[in-house]
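Visitor: The structure's right below; bear with me while I get my questions together.
The values are calculated or read from the model by the stated rules, or taken from the named source; none is laboratory data. Everything numeric in this text was worked out from a predicted model, so none of it was measured. Here the Cβ is made from the backbone with ideal geometry for all residues, glycine too, and neighbour counts use every protein chain on show.
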Amino acid sequence: MKRFLVLALLLFLGCETPKNTPASPESTFGIVIHGGAGTILKKNMTPEMEAAYRATLEEAIRTGHAILKVGGSSKEAVEKTIHVMENSPLFNAGKGAVLTADATIELDASFMDGATLDAGAIAGVQTIKNPISAAIAVMEDSPHVMLSGKGAESFAEGQGLALVAPEYFYTKRRQQALERVKARENQTALNSEEAAYLRAQRRGTVGCVALDQSGNLAAGTSTGGMTNKKWNRIGDAPIIGAGTYANNASCAISATGWGEYFIRAVVAHDIAALMEYKGLSIQEAAKIVIHDKVGKLGGDGGIVGIDNKGQIAMEMNTAGMYRAHMDGKGNLTVKIYAEE
Ligand code: ASP
């Protein structure tokens, strides 16, 4: 009888949905990335630029996919995929990050583990080569969730992470963008197309979400923020729940867009919450949050997401978002423009 009771208890516990949702037999693996959303128009893009973006997106996503394919963790896939985009001068993260009003670089990043709901983030750092790795280190090797500025840099140094001189991050393109934005800053008579173009010049975060073969989700986001930002402004990218969120019970989300709106709309967590509490699909939840919530507030941007079954969302209310997806079978999609 006693043995029966123990067995019944074990069965009962096994039926509960724990926070750390285990791998479901239906779960396959998959990975989705973004390289920023905005007024990305074909008429403003040279064929060479477009090819370079598509090639780097493909290189990045194949890096993470190869890790997942051999049974590697979603954490490792997210980290290594983001490294490729941080190391590329094309994207506003790591090398090639946008400049502040003082022509300095201030990088933000965050990471979340969907199995444990552990998270780490850094904000306003100037010398950490790969901010996503510092965010992961904060999660794994500190008692905190978010570190900023000089403290975050000395923590990263203590962790043995690569530090570089701030000049490493600079590119001519971002310097010119700062000059353009400054020159037009005081112009009040911009038409809406000009204003949108100017906003697009200012952004371009990178992010990655992945589901591994054990059914674990992870999300990471890394950015230089917005061109001409002032007063140590921090955007949504390092804020858990706004720019990044992962929970094995629902999905993993990474956002890109006008950070102030994404913070106020708590975008990444809102999508996860609609799925967890209301049973919505990832596509339904992402549409509601990006269009009905962010859009109605006046913000713009997009998200990439993957759920615990490998279903994905790549939703935006902008003219484009650099993005790519690879599923467990190795099918690859790389897209830039909204209508693609
Ligand atoms: N969300 C970023 C920020 O506001 C910018 C971007 O995604 O392009 O800092």
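Visitor: Considering only the stretch 115-129, state which residues are in contact (Cβ under 8 Å) with a residue 60 or more places away in the chain and touching a helix residue (DSSP H, G or I) at 6+ places or on another chain (Cβ under 8 Å). Write out each step before concluding.
Guide: Here is the first cut: in the stretch 115-129, the ones in contact (Cβ under 8 Å) with a residue 60 or more places away in the chain are 115-117, 119, 121-124.
Across the stretch 115-129, the qualifying residues are 119, 121, 122, 123, 124.
Visitor: Additional query: Given the conditions (1) closer than 30 Å to residue 140 by Cβ; (2) in contact with a strand residue (DSSP E or B) (Cβ under 9 Å, 6 or more places away or on another chain); (3) modelled with pLDDT under 85; (4) not polar (S, T, N, Q), which single one is not true for residue 22?
Guide: Looking at each condition in turn, residue 22 falls short on (2).
Visitor: At least 1 residues that are touching a Pro at 6+ places or on another chain (Cβ under 8 Å) in each: list the helices (runs of 4 or more DSSP H) lying fully within the stretch 75-193 that qualify.
Guide: Values: elements: 131-141, 149-158, 172-185.
The helices (runs of 4 or more DSSP H) meeting that bar are 131-141, 172-185.
Visitor: For the stretch 244-269: of the residues being more than 15 Å from the chain's Cα centre (by Cα) and under 26 Å from residue 39 (Cβ atoms), which is nearest to the ligand (Cβ to nearest atom)?
Guide: 260
Visitor: Evaluate the following for residue 210: is it under 30 Å from residue 30 (Cα atoms), at pLDDT 95 or above and outside any loop (DSSP other than H, G, I, E, B)?
Guide: Answer is yes for this residue.
Visitor: Something else: For residue 219, indicate whether it is modelled with pLDDT of 95 or more and surrounded by fewer than 22 Cβ atoms within 10 Å (Cβ to Cβ).
Guide: So residue 219 fails the test.
Visitor: In addition: Counting just the residues of the stretch 228-239 that are crowded, with 24+ Cβ neighbours inside 10 Å and of a type outside the set (D, E, K, R), which one comes out nearest to the ligand (Cβ to nearest atom)?
Guide: 235
Visitor: Just to be sure, is residue 67 at pLDDT 95 or above, under 23 Å from residue 307 (Cα atoms) and within 16 Å of the ligand (Cβ to nearest atom)?
Guide: no
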